[in-house]
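Chemist: Here it is, the structure in full.
The values are calculated or read from the model by the stated rules, or taken from the named source; none is laboratory data. This is a predicted model, so every value here is computed, not measured. Cβ atoms come from the backbone with ideal geometry, glycine included; neighbour counts cover every protein chain shown.
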Amino acid sequence: MVKRQFGHRARLALTPAQARLVDDQAHAARGMWNLLHEWWQMLPKHQRSPVAADAAIRQARKEIDWLGVLPAQAAQTVLKTYLVAWRNCWDGRTREPAFKTRSRLVLSVDIPQGRDLHVSRVHRRWGMVNIPRIGRVRFRWTKDLPVGKWANQENRITGARLVKDALGWHITFRVTTLEAAPALHQGSEVGIDVGVSVPIALSDGSVYTHGSWLTEEEQSSLLRLERRAAHRRASRKQGEKISGRLHRTYDRIQGLRARAKRRHLDWQHKTTTEIARKYGIVVVEALTIPNMVKSAKGTMDRPGKNVAQKSGLNRSIYAEAWGRTIRLLTYKTALAGGSLHEVPAPGTSQRCSACGHITPGSRESQAVFVCKNPDCGWTGNADHNAGRNVLHLYRMGLALVPAAGRAVVRRACRVKPATVR
Ligand SMILES: [Zn+2]
């Protein structure tokens, strides 16, 4: 048996009045963070402590009216998250905590205790959940959760978080379960090459592709809205308030972008599930995306070449969200009894997978690979070739430390990853 912890996200059916109340709670949580940050920085170092912060929060909740809308438990979570943010900073994982601005913030409220939630299923498609200070709210039931008679010490919901995106408020449950360990996956090994023109190409020749996430009609309306927003922004005077019409335009842009993101995530989930079910050992390149998307702009004295082209490529690299594909594959292969391995990336797209030589000009185009080594002459699809190289590196024993079963591999920014050779 293995313990498993995961999140499950579901859409909440709030009335407009309830949604406004949750908005208020989320803004109070943001205000609480900012006050806490200000207080922390103002205090001499020797006086900073979790106990003092806790006392300050209690006092602030009594004295400041608008902080009172935030439930006490949620206020405690703000403090806890703030302290974790400092710990992450001191350990070199992140930068210092900062003030949370209104404009770039993902609104969220935490419900740290699972027993406050009283989750129950009321319909094939709907569940009910208690939200502090709001009441009983319906949510979309898309997965069987351990509630009611199925809940026990090992299988239960331990907490939740309300998160708002362009499509409204959602609830993310924290779920703990105890499940039978999966049997070792008997499937074959496969190497994966991720790319821009072909998103996922496997070493056995199969490919996973997708079209544009928005229909032509949606794309043209997105473009129209973006132009309209840019035009209104340009004509706005310094210090002038953003009009209600501009706000509505922004909301519609956000809605369309969120729709595209959902379709992309849906495709990633389906693709990675299929790969994890089919193959026992999945090998990917260890890509350092921050290095790949470096700007080509250059400096004032030495301007770069093909700046626009490179920035377009960078945008497509970001748009493909490889990191998320890898993250999904990591936990899905582990769930299916398989494993995911990473191999060093350099050269996988230039090297010939038949003879192992890097001969200049072998990669004739984005799609075609023709080995220029006179003794070899292998021809094939360039992405297929790269996938075969990735698998070959794994078979040679060049895999980096496996990340299988761990959704997040945490290490300090300045520490180089250990490699096993
Ligand atoms: Zn060759």
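Chemist: Out of Thr249, Thr271, I need the residue that is in contact (Cβ under 8 Å) with a residue 24 or more places away in the chain and in contact with a strand residue (DSSP E or B) (Cβ under 6 Å, 6 or more places away or on another chain). Which one? Step through it out loud before you land on a result.
Modeler: On the way: Thr249 fails: in contact with a strand residue (DSSP E or B) (Cβ under 6 Å, 6 or more places away or on another chain).
From the options Thr249, Thr271, the qualifying one is Thr271.
Chemist: Now for a different question. Could you say which residue among Gly338, Gly255 is surrounded by 17 or more Cβ atoms within 10 Å (Cβ to Cβ) and not assigned by TED's automatic domain parsing to the domain that holds Trp169?
Modeler: Working: Gly255 fails: surrounded by 17 or more Cβ atoms within 10 Å (Cβ to Cβ).
Matching residue, one of Gly338, Gly255: Gly338.
Conditions (1) within 18 Å of Asp165 (Cα to Cα); (2) in contact with a His (Cβ under 9 Å, 6 or more places away or on another chain), marked per residue:
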residue	(1), (2)
Val207	no, yes
Glu216	no, no
Lys241	no, no
Gly255	yes, no
Thr271	no, yes
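Chemist: What number of residues within the range 217-243 are more than 25 Å from Arg259 (Cα to Cα) and among the charged types (D, E, K, R)?
Modeler: Taking the range 217-243 first, the residues more than 25 Å from Arg259 (Cα to Cα) are 234-241.
Narrowing further to those that are among the charged types (D, E, K, R): 236-237, 240-241.
Residues that pass the stated criteria total 4.
Chemist: Of the residues Thr172, Thr209, Thr177, Thr158, which single one is at pLDDT 95 or above and among the hydroxyl-bearing types (Ser, Thr, Tyr)? It would help to see each step written out before you state the result.
Modeler: Values: Thr209 fails: at pLDDT 95 or above; Thr177 fails: at pLDDT 95 or above; Thr158 fails: at pLDDT 95 or above.
After applying the criteria, what remains is Thr172.
Chemist: Here's something else I'd like to know. Any residue that is of a type in the set (Ser, Thr, Tyr) and touching a helix residue (DSSP H, G or I) at 6+ places or on another chain (Cβ under 7 Å) - is there at least one of those in the range 351-368?
Modeler: Going residue by residue through the range 351-368, those that are of a type in the set (Ser, Thr, Tyr) are 353, 359, 362, 365.
Subset that is touching a helix residue (DSSP H, G or I) at 6+ places or on another chain (Cβ under 7 Å): 353.
Yes, because at least one residue in the range 351-368 is of a type in the set (Ser, Thr, Tyr) and touching a helix residue (DSSP H, G or I) at 6+ places or on another chain (Cβ under 7 Å).
Chemist: Could you count how many residues in the range 346-373 are away from the ligand (no atom under 13 Å from the Cβ) and either outside any loop (DSSP other than H, G, I, E, B) or touching a Pro at 6+ places or on another chain (Cβ under 7 Å) (or both)?
Modeler: Qualifying residue count for the region: 1.
Chemist: Can you pull out the residues in the range 156-171 that are buried (at least 17 other Cβ atoms within 10 Å of the Cβ) and not charged (D, E, K, R)?
Modeler: Ile157, Gly159, Ala160, Leu162, Val163, Trp169, His170, Ile171
Chemist: Taking the condition within 29 Å of the chain's Cα centre (by Cα) and free of Cβ contacts under 8 Å to residues at least 24 places away in the same chain, does Pro346 pass? So that I can check it myself, show each step before the final result.
Modeler: On the way: within 29 Å of the chain's Cα centre (by Cα): yes; free of Cβ contacts under 8 Å to residues at least 24 places away in the same chain: yes.
Judged against the criteria, Pro346 is a match.
Chemist: Output the number of residues of the range 382-397 satisfying the condition of being surrounded by 16 or more Cβ atoms within 10 Å (Cβ to Cβ) and either within 14 Å of the ligand (Cβ to nearest atom) or aliphatic (A, V, I, L, M) (or both). First the steps, then the outcome.
Modeler: Here is the first cut: in the range 382-397, the ones surrounded by 16 or more Cβ atoms within 10 Å (Cβ to Cβ) are 382-394.
Next cut, either within 14 Å of the ligand (Cβ to nearest atom) or aliphatic (A, V, I, L, M) (or both) only: 382, 384-386, 388-393.
Qualifying residue count, the range 382-397: 10.
Chemist: Same structure, new question: Which one of these is exposed (fewer than 11 other Cβ atoms within 10 Å of the Cβ) and assigned to a helix (DSSP H, G or I): Glu274, Glu226, Glu217? Let's see the steps before the verdict.
Modeler: Numbers: Glu274 fails: exposed (fewer than 11 other Cβ atoms within 10 Å of the Cβ); Glu226 fails: exposed (fewer than 11 other Cβ atoms within 10 Å of the Cβ).
None of the other options fit; the residue is Glu217.
Chemist: Quick one: is Ala234 under 30 Å from Tyr394 (Cα atoms), at pLDDT below 90 and out of contact with any strand residue (DSSP E or B) (no Cβ under 8 Å at 6 or more places or on another chain)?
Modeler: Working: under 30 Å from Tyr394 (Cα atoms): no; at pLDDT below 90: yes; out of contact with any strand residue (DSSP E or B) (no Cβ under 8 Å at 6 or more places or on another chain): yes.
The answer is no for Ala234.
Chemist: OK, next. Taking strands (runs of 3 or more DSSP E) that fall entirely within the range 88-188, which contain at least 1 residues that are within 21 Å of the chain's Cα centre (by Cα) and either more than 30 Å from Ile281 (Cβ to Cβ) or not assigned by TED's automatic domain parsing to the domain that holds Asp23 (or both)?
Modeler: Numbers: elements: 108-111, 126-131, 135-140, 156-165, 168-179.
Those strands (runs of 3 or more DSSP E) span 108-111, 156-165, 168-179.
Chemist: Right, another one. Regarding the range 287-299, can at least one residue be identified that is farther than 19 Å from Val207 by Cα and within 16 Å of the ligand (Cβ to nearest atom)?
Modeler: no
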